[in-house]
Structures are given as C-alpha cells and as structure tokens.
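What follows is a set of notes on a single structure, which appears directly below.
The values are calculated or read from the model by the stated rules, or taken from the named source; none is laboratory data. Remember, it's a predicted structure, so these values are computed and weren't measured experimentally. Methodologically, a virtual Cβ is constructed for each residue, glycine included, from the backbone with ideal geometry; neighbour enumeration extends over all protein chains shown. To get the accessible areas, we keep the full protein, side chains included, count just its heavy atoms, and leave off ligands, DNA and RNA. Shrake-Rupley method; radii C 1.70, N 1.55, O 1.52, S 1.80 Å.
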Number of protein chains: 2
Amino acid sequence: MAKRVTGPEIEKLIQLLAKVPGLGPRSARRAALHLIKKKEQLLGPLGLAMGEAYDKVKVCSRCGNVDTVDPCTVCTDTRRDQSMIIVVEDVSDLWALERAGAMNAAYHVLGGTLSPLDGIGPDDLNIRPLIERVSEGGVREIILAVNATVEGQTTAHYITDQLAGLDVKITRLAHGVPVGGELDYLDEGTLTAALRARTAI
Amino acid sequence: MAKRVTGPEIEKLIQLLAKVPGLGPRSARRAALHLIKKKEQLLGPLGLAMGEAYDKVKVCSRCGNVDTVDPCTVCTDTRRDQSMIIVVEDVSDLWALERAGAMNAAYHVLGGTLSPLDGIGPDDLNIRPLIERVSEGGVREIILAVNATVEGQTTAHYITDQLAGLDVKITRLAHGVPVGGELDYLDEGTLTAALRARTAI
C-alpha cells in the first residue's frame, strides 16, 4: 500500500500470512481481515495453537514423522504391524496414505529424494536410520511408496541396493490407471504400465 | 484421518488453519507441514504476530477501519483531505481503494449493507456515526463507494436520504467498462451504463 492505512502489527500479520502456502499477498489480506473479524473464535485460538505447536513439535527420531512426542504416535502404536514399513518421501505422503487407510503399517519418512544436481546425497536423507531399523530385525517388508518421478525412483533403487544383504521383502506401489481417471488424459507411460500389469476379471 | 498419526496439538493447528479463508482441509495440512518445517522463520513469528494482533487490534470509533490505534491511522493522517469521505462496505474495500492510490481522502466503513431479508437494518451498520460526522461540519463531499449490487445500491440510497438536509456533495463511483476488460464478456447493464456515460476523446 502506498500510504499506511492500518497498524504495523496488522501489516506484519499480513506479510507473514502471505508466506503460507495456498495464500498469496491478496488472499493474505483477506485472511487477516477474516481473522480479525473472528478474533475470539479464530485469531486468538490460532495464535495459541501456533505457539503450542512451536513449543511442542518434534521430528520422530525413529521414523522422521512430525509429532509432539518422540517416538511418534505411529511408531508407538502397538495396534500397527510394526514389521511392515512404508517408506515415503515426505510427512505429507504419510498423511495421504493414512487417509486412504488401506494399511495398518509403520512408516519411515526420508525427508526428500536423492538429487545429485541439488547436492542432496544419501547422508542428507533419513536413509541410514532405515537400514539400521531393518538391520535390528523384526521387519518383514519394506514398501517403497516414493513418488513415481525420476528422483523418487532413483531413491528407491538406492534403498533397494542398501537393503540387498538383509532378509526383508521389498515392494513398491503398483503403477496403473488412477481410480476415476480417464484413459484419454493419461500419459503413455501410465497406459503401458497399466496394460502390462493387467489383471484377470 | 482414521487413526491418529500425529499429536493433538498439530491436529488442532490443522483444524484451525482449515477455517482461514483461502485454505481448505487439504491445503491446511500442507500449510501446517510447511509452517512446521519453517518453524523458526514462519511458525514462531506468525504465532507471535497473531497474538500481538489479538491483543492490539481495534476498530476505529470514528470510521470503522481496523487498526491498532483508535482513532485509526487514516483518521489522524493530517496529509489526507479529511473533508472528503469515501464510504465503503468493508475494510477490504478501503484497502483496495488505497492500493489504487487515486484519492487522498478519509474513509467511513459501514460494516456491510442493508439487507432486510437477513435482518440487517440501518442500526446494524455504521451509518448513524457517518451522519454525525457530516453534521459536525467540515465535510465537503461524500463518495459512496459501495458495491454495484442491489444491497450496495439500496444502502447508498438510504444514506443519500439521511444526508438530504445537510450541506454536503454526494457522489458515487462511475459505472463503465473495467480497464483491460473485453466488451464481449460484459453484461448488458455495464455496457448500457458505459454507453450512456460516454466521454469525448
């Protein structure tokens, strides 16, 4: 704004809100006004929730999940099959798979993918602790649920190599047509994979 | 999520973020993870900024603007022409007009529009203080910058009636083709207004 029309504290709030993914400079202003209008129901509680998250958030030293306890809720959940570890790139992938609710397994969050061009090597990721987890025994299967990108697949290969000598089954997610997807919009690679992995009806 | 995969404090944060306009349940999770990853640069400062805004935010008792001082920055700005008042529905309209930077005037925020169906009458809006501001004298012009909706125009008519006996010029925003707009996409009302208000080149 050319001239100041509100207090610096409110401008600061707008500035910080604009850095939240999903919000831009314009929607940050709208969000700030909404928060101010809902001062008691939203602005206050959200500020407190952020303060509390800031104080309490921890990265699980075992699997890399984000939680307020360490080891995390997933690692200490005795109702989960801890002998099955789903390896994901990011915490958001863990959350997405949990929403699907298809498995009752443990997780391991890599924190990214190998990317030599960006200078990201194996030691920059949470890979060595995964190998250690498997070495300790008690792990039956590793499901590599990395993204179907070049970096994701490279990372999957690297992990497979590292686990080579250990007595563990290694699997990856199936490729195919997304449920609800239209063939016409799919790329050739996906269609080829779906055809090759066709199943009997 | 079917089963808990993270701490209740983080779930609470996601729940509250989902209520911010521009964010939904899914983008709230993404936003929360981003905030946690940028704990020092974003989560902490944003929490503090919200707390500070919560403590300090005030509605200007003179014009209805949102600020941390009362009267607000706009009302006490001596470089502004305080004899000219731009009447807007919402604080966001004030901010939008200030971004345009076309005027150097004072403002008056109504806090909505008349809407008998929703039970919003004149006393629910910041109209009486506007009449008082004008009655006190020193106001030369009132620019009714309300939305070009039925409710906005009804509100403008009501305010015009209320100001009838007072010595003040009342104007409204021009109707016409938006700058950069294509005629083909405009409604008949706008085109008619633009034709009627045509100007010599």
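Odds and ends about this structure:
- Helix B:8-17 axis versus longest C-alpha principal axis of chain B: approximately 20°, rounded to the nearest ten.
- The listed residues A:K37, A:K56 rank as A:K37, A:K56 when sorted by accessible area, largest first, using a 1.4 Å probe.
- Residues of region A:56-103 buried by at least 40 Å² on assembly (accessible area, 1.4 Å probe, chain alone as reference): A:V57, A:V66, A:T68, A:T73, A:W95, A:E98, A:R99
- For region B:8-56: relative contact order, % (alpha-carbon pairs under 8 angstrom, 6 or more apart): 23
- Surrounding net charge for B:P8, when Lys and Arg each add one and Asp and Glu each subtract one, Cβ distance under 11 Å: -1
- About its Cα centre, chain A has a charge dipole of approximately 1060 debye under the convention of +1 per Lys or Arg Cβ and -1 per Asp or Glu Cβ, with nothing else charged.
- Whole-percent pair-distance distribution, where bins are 20 Å wide, for the alpha carbons of the protein assembly as shown: 21, 39, 27, 12, 1
- Relative to the longest principal axis of the Cα atoms of chain A, the long axis of helix A:150-162 makes an angle of roughly 50 degrees.
- Relative contact order computed over chain A (Cα-Cα under 8 Å; 6+ residues apart), in percent: 13
- Centroid-to-centroid, using Cα positions, region B:1-71 and region B:87-106 are 26 Å apart.
- Think of region B:80-172 as having a plus end and a minus end, set by charges on the Cβ of Lys, Arg, Asp and Glu; of B:N126, B:T171, B:V109, B:T171 sits farthest toward the positive end of this dipole.
- Overall, the ratio between the Cα radius of gyration of region B:137-182 and 2.2 N^0.38 Å, rounded to two decimals, is 1.37.
- With N counted as the residues of region B:8-56, its alpha-carbon radius of gyration over 2.2 N^0.38 Å works out to 1.13.
- Normalised Debye scattering of chain B at q = 0.15, 0.18, 0.19 Å⁻¹ gives log10 I(q)/I(0) of -1.05, -1.22, -1.28, counting only Cα atoms as equal scatterers and leaving out solvent.
- Calculated [222 nm] ellipticity per residue, helices only, for chain B: -11500 deg cm²/dmol; basis is -39500 (n - 2.57) per DSSP H run with n ≥ 4, divided by all residues, nearest 500.
- 23 Å Cα-Cα reach of B:K38 towards lysines, excluding residues that sit fewer than 8 places from it in its own chain: A:K12, A:K19, A:K56, A:K58, B:K12, B:K19
- Over region B:80-172, the Kirkwood radius and the radius of gyration, each from Cα atoms, give a ratio Rg/Rh of 0.94.
- Residues of region A:29-43 buried by at least 30 Å² of accessible area upon assembly of all protein chains, compared with the chain on its own (1.4 Å probe): A:R29, A:R30, A:L33, A:H34, A:I36, A:K37, A:K39, A:L42, A:L43.
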